[in-house]
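Chemist: Take a look at the following structure, please.
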Amino acid sequence: MDGAELAGKIVYTWLTLVLGFILLPSAFGVSLGISELYMKILVKTLEWATLRIEKGVSKESVLKNSASVGIIQRDESPMEKGLSGLRGRDFELSDVFYFSKKGLEAIVEDEVTQRFSSEELVSWNLLTRTNVNFQYISPKLTMVWVLGVIVRYCVLLPLRVTLAFIGISFLVIGTTLVGQLPESSLKNRLSELVHLTCCRICVRALSGTIHYHNKQYRPQKGGICVANHTSPIDVLILTTDGCYAMVGQVHGGLMGIIQRAMVKACPHVWFERSEMKDRHLVTERLREHIADKKKLPILIFPEGTCINNTSVMMFKKGSFEIGGTIYPVAIKYNPQFGDAFWNSSKYNMVSYLLRVMTSWAIVCDVWYMPPMTREEGEDAVQFANRVKSAIAIQGGLTELPWDGGLKRAKVKDTYKEEQQKNYSKMLVGNGSLNSELD
Amino acid sequence: MGSRSSHAARIPDVDSIRRETGFSQASLLRLYHRFRALDWNEKGYLSRVDLQQIGALAVNPLGDRIIDSFFPDGSLHLDFPGFVRVLARFRPVDDEDNGNRDPKEPEPLNSRMNKLRFAFQLYDLDRDGKISRQEMLQVLRLMVGVQVTEEQLESIADRTVQEADEDGDGAVSFLEFAKSLEKMNIEQKMSIRILK
């Protein structure tokens, strides 16, 4: 009896604390500064840990300067130099060396596959999952690490799970209730309130610290917001600062429940899986949505898949054919505190969320950028590339021309043809052979 | 946490692989991670499709031939030792390799001759030990695509075979191939240095 009473009391106090310190402030959009304090302590601890590691590392091994440096020494000279080529030289048996070396280099390390595994850190952040290369350094460090594990799993995890649970339930219940109301501006305002509150709760559930820059460029109604994609959390991060209409596939399970509830309160655009294949239909529905100036801006991730936040991959042109104003947004996570990248082939949604909730925190920067529209004589692909470059520059990410879907599909032959063209130019270029072409 | 040896212990037969290929423990670990990363669905081995999915390899004009070199004798599964064995050909030549070599032991995988053999087999599809004019044409066609006419290609192939062919049999044997490239800095052109 006593045991149960005691347990009941603990849960009661726990919930009251949570309510008082977290739920109410987030409903009003007020911050109590607890997260800031936590972050400060965290930063100090990690700095200390880094110094310890640097002292402990032996002189031979070198800590890499940049997190995205490759594992092989690359000779990035263009094909001409690699083939000891002047234009119009003759074919040599050794020409295969260049291509075979490039091919083997790609097998050891390629730009695309590397983007689908988590970014490597320069120094350890006291999470075992990022400890690929770090050896045992000292007992003090181990103790701090053990303390970290206790804090993360026994203190933070239950708290975060509670918050997430509360947040999602509130979202589902709130949107269903608001959905009962007739269409009116009251309904819209209430729906906004519900969305914002729940997102704030969920962000606290992840110990998220988000810095928004250039809020004056926040996406307006009737526009399309595009951003680079790293994980499903991107959605949370953006909706904490404004309401968007989301676009996506109808899922089953928990996601499906959330989706159905949300669409009652405000018009999101959910597609059945079969409808997604019909690009015309998709474009039409999106066009209808943005034509209505009272509807919320659409949120789209043109990469189509999660990338590991060190680069931006090809933007699919579909979103840029709809017309309307594009509001680009760049999102950059700080990997020091926790890895937000969702490697969907390695982790399913639940284990991913568990990983995120047992990280230190999710820290990121969001930059809103001035709106862009398609210019005269620019086709959708060029426009997409222009927006992609802008986002990459703003977020400090590298730009890659590859399609993120490459991890699932074969690459197009046009790229291979370019290589072949370059090589042929070297052989035949200056007419060193009897060519009837010129 | 934990010392590095606990990671290397996950690689099966790591000691024999190290002896055979000459890779350092750290490099092997890197390559093992890479092998696992390429093995999307965690089968434990790689198939042709896994390698074909590498974008930069798929656009390489000799991509298919390079993939073939990982699957000798028509095999369909590539395990980690096989993977590393091919990559070992491209290990840079260190001085210590040549210095203390026991002449009775087999040649190291990254010797000059073995690097040349790798390049030779990119040409020699039917594995008869000779590059025929036809095989030369095929490789040329792979490298230039549709950009060059058949006549031009044939004249290039003829000239190349003639220059290298010494015994006049109309094909280039491995020794003739090696001889024609004896002045070339193979070690530099066919080496990939793994950092750390």
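The values are calculated or read from the model by the stated rules, or taken from the named source; none is laboratory data. Remember, it's a predicted structure, so these values are computed and weren't measured experimentally. Quick reminder, even Gly has a Cβ in these numbers, built from the backbone with ideal geometry, and neighbours come from all protein chains shown.
Chemist: Starting from the stretch B:15-34, keep only residues that are more than 11 Å from chain A (Cβ to nearest Cβ), then list their pairs with residues that are among the acidic types (Asp, Glu) and in a helix (DSSP H, G or I) whose Cβ atoms are within a distance under 7 Å, requiring at least 6 positions of separation or different chains.
Modeler: B:Gly22/B:Asp97
Chemist: What's the number of the condition B:Gln188 fails, among (1) in a helix (DSSP H, G or I); (2) facing chain A (nearest Cβ under 7 Å); (3) within 30 Å of B:Asp94 (Cα to Cα)?
Modeler: (2)
Chemist: Does A:Ile298 qualify as being among the β-branched types (Val, Ile, Thr), within 18 Å of the chain's Cα centre (by Cα) and at negative phi?
Modeler: Values: among the β-branched types (Val, Ile, Thr): yes; within 18 Å of the chain's Cα centre (by Cα): yes; at negative phi: yes.
Judged against the criteria, A:Ile298 is a match.
Chemist: Something else: Looking at A:Arg218, is it basic (Lys, Arg) and more than 24 Å from A:Met372 (Cβ to Cβ)?
Modeler: Working: basic (Lys, Arg): yes; more than 24 Å from A:Met372 (Cβ to Cβ): no.
No: the conditions fail for A:Arg218.
Chemist: Right, another one. Does B:Lys179 count as more than 9 Å from chain A (Cβ to nearest Cβ) and more than 18 Å from the chain's Cα centre (by Cα)?
Modeler: Numbers: more than 9 Å from chain A (Cβ to nearest Cβ): yes; more than 18 Å from the chain's Cα centre (by Cα): yes.
Judged against the criteria, B:Lys179 is a match.
Chemist: So, one more: I need the full set of residues from the stretch A:167-198 which are under 29 Å from the mean Cα position of the chain (by Cα) and acidic (Asp, Glu), in order please.
Modeler: If the condition is that a residue be under 29 Å from the mean Cα position of the chain (by Cα) and acidic (Asp, Glu), then A:Glu192 is the only one that fits.
Chemist: Based on what the data block shows, is A:Ser319 outside any loop (DSSP other than H, G, I, E, B), exposed (fewer than 15 other Cβ atoms within 10 Å of the Cβ) and out of contact with any Asp or Glu (no Cβ under 9 Å at 6 or more places or on another chain)? Write out each step before concluding.
Modeler: On the way: outside any loop (DSSP other than H, G, I, E, B): yes; exposed (fewer than 15 other Cβ atoms within 10 Å of the Cβ): no; out of contact with any Asp or Glu (no Cβ under 9 Å at 6 or more places or on another chain): yes.
No: the conditions fail for A:Ser319.
Chemist: I'd like the residue in the stretch B:141-159 that is at the interface with chain A (Cβ under 7 Å from one of its Cβ atoms) and under 26 Å from the mean Cα position of the chain (by Cα) and, out of all such residues, is surrounded by the most Cβ atoms within 10 Å (Cβ to Cβ).
Modeler: Checking each candidate, the answer is B:Val144.
Chemist: Kindly provide the set of residues from the stretch B:119-140 that are outside any helix (DSSP H, G or I) and crowded, with 20+ Cβ neighbours inside 10 Å, ordered by number.
Modeler: B:Asp124, B:Ile131
Chemist: In the stretch B:106-123, what residues are without any contact (Cβ under 8 Å) to a residue 60 or more places away in the chain and either away from chain A (no Cβ under 13 Å) or out of contact with any Asp or Glu (no Cβ under 6 Å at 6 or more places or on another chain) (or both)?
Modeler: If we filter the stretch B:106-123 for residues that are without any contact (Cβ under 8 Å) to a residue 60 or more places away in the chain, which is where we start, we get B:106-107, B:111, B:114, B:117, B:120-121, B:123.
B:Pro106, B:Glu107, B:Ser111, B:Asn114, B:Arg117, B:Phe120, B:Gln121 - these are the residues of the stretch B:106-123 that are without any contact (Cβ under 8 Å) to a residue 60 or more places away in the chain and either away from chain A (no Cβ under 13 Å) or out of contact with any Asp or Glu (no Cβ under 6 Å at 6 or more places or on another chain) (or both).
Chemist: While we're here: Suppose we keep only residues that are more than 8 Å from every other protein chain (Cβ to nearest Cβ), in a helix (DSSP H, G or I) and among the hydrophobic types (A, V, I, L, M, F, W, C) within the stretch B:160-176. Which one would you say is nearest to B:Leu125 (Cα to Cα)?
Modeler: Out of the qualifying residues, it is B:Phe174.
Chemist: Can you tell me which of A:Phe383, A:Phe337 is farther than 22 Å from A:Lys317 by Cα and touching a residue at least 24 places away in the same chain (Cβ under 8 Å)? Steps first, please.
Modeler: Details: A:Phe383 fails: farther than 22 Å from A:Lys317 by Cα.
None of the others qualify; the one that does is A:Phe337.
Chemist: Could you check the stretch B:42-88 and list, in sequence order, the residues that are in a loop (DSSP other than H, G, I, E, B) and at the interface with chain A (Cβ under 8 Å from one of its Cβ atoms)? Talk me through it step by step, then tell me what you get.
Modeler: Taking the stretch B:42-88 first, the residues in a loop (DSSP other than H, G, I, E, B) are B:42-45, B:47, B:53-54, B:59-62, B:71, B:75-77, B:79.
Passing the criteria: B:Gln53, B:Ile54, B:Val59, B:Asn60, B:Pro61, B:Leu62.
Chemist: Which one of these does A:Glu303 not meet: (1) assigned to a loop (DSSP other than H, G, I, E, B); (2) of a type in the set (D, E, K, R); (3) over 24 Å from the mean Cα position of the chain (by Cα)?
Modeler: (3)
Chemist: Among (1) surrounded by fewer than 15 Cβ atoms within 10 Å (Cβ to Cβ); (2) under 14 Å from the mean Cα position of the chain (by Cα); (3) hydroxyl-bearing (Ser, Thr, Tyr), where does A:Thr373 come up short?
Modeler: (2)
Chemist: Being farther than 26 Å from A:Glu417 by Cβ, within 19 Å of the chain's Cα centre (by Cα), buried (at least 17 other Cβ atoms within 10 Å of the Cβ) and not β-branched (Val, Ile, Thr) is the requirement here; does B:Lys189 meet it?
Modeler: No, not satisfied.
Chemist: State whether the residues of the stretch A:228-235 include one that is surrounded by 19 or more Cβ atoms within 10 Å (Cβ to Cβ) and small (Gly, Ala, Ser). Full working, then the answer.
Modeler: Within the stretch A:228-235, the subset surrounded by 19 or more Cβ atoms within 10 Å (Cβ to Cβ) is A:228-231, A:233-234.
From what is left, the residues that are small (Gly, Ala, Ser) are A:231.
For the stretch A:228-235, residues surrounded by 19 or more Cβ atoms within 10 Å (Cβ to Cβ) and small (Gly, Ala, Ser): present.
Chemist: Restricting the search to the stretch B:14-40, which residues are modelled with pLDDT of 80 or more and either surrounded by fewer than 16 Cβ atoms within 10 Å (Cβ to Cβ) or over 12 Å from B:Val84 (Cβ atoms) (or both)? I'd like the intermediate steps shown before the answer.
Modeler: Restricting attention to the stretch B:14-40, the residues satisfying the condition of being modelled with pLDDT of 80 or more are B:14-39.
Hits for the stretch B:14-40 are B:Asp15, B:Ser16, B:Arg19, B:Ser24, B:Gln25, B:Ala26, B:His33, B:Arg36, B:Ala37, B:Leu38, B:Asp39.
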